[in-house]
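*Asks:* The structure follows.
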Amino acid sequence: MKKPSSKIREEIARLQDQLRAAETREAERIGRIALKAGIGEIEIEEAELQAAFEGIAGRFRGGREAATGRKNASGGRIGSEATSTLTSGANAGGAGEA
């Protein structure tokens, strides 16, 4: 028997809530780990930090490219290049947040 569209909409809404909750749990976990590692104190642009995280993710996936849904989302940086970006971003302070 086919489900009425209202039931399908309810199921979609329930699944979206579950997805939001799962993403929140994952973000909180990664955030706690990043803060413990001192990432919160580093002055770095979000795009550079994302590229570094994508490099880390690729390393733990066995070298496979991160599936982000975007072409060349890391700006072509992988592996040690992302690490050096993170290091240079940490040293590039200047007049920033205090």
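Coordinate-derived values only; no laboratory data. In this text the structure is predicted, and so the values were computed from the model without any measurement.
*Asks:* List, in order, the whole-Hz ³J(HN,Hα) value for each residue of the stretch 27-32 obtained from phi through the Karplus relation with A = 6.51, B = -1.76, C = 1.60 and θ = phi - 60°; use x for Gly and Pro.
*Replies:* For the stretch 27-32, the Karplus-derived couplings read 5, 5, 5, 5, x, 4 Hz, x marking Gly and Pro.
*Asks:* Multiplying the sequence separation of ALA27 and ALA47 by 0.36 nm and subtracting their Cα-Cα distance, what value in nm do you get?
*Replies:* Values: separation 20, 0.36 × 20 = 7.20 nm, distance 1.69 nm.
Extending this stretch completely gives an extra 5.5 nm.
*Asks:* Given 5 Å bins starting at zero, what is the percent of C-alpha pairs of the stretch 1-41 in each, up to the one with the largest pair distance?
*Replies:* Final binned percentages: 5, 21, 14, 14, 10, 9, 9, 6, 5, 4, 2, 0.
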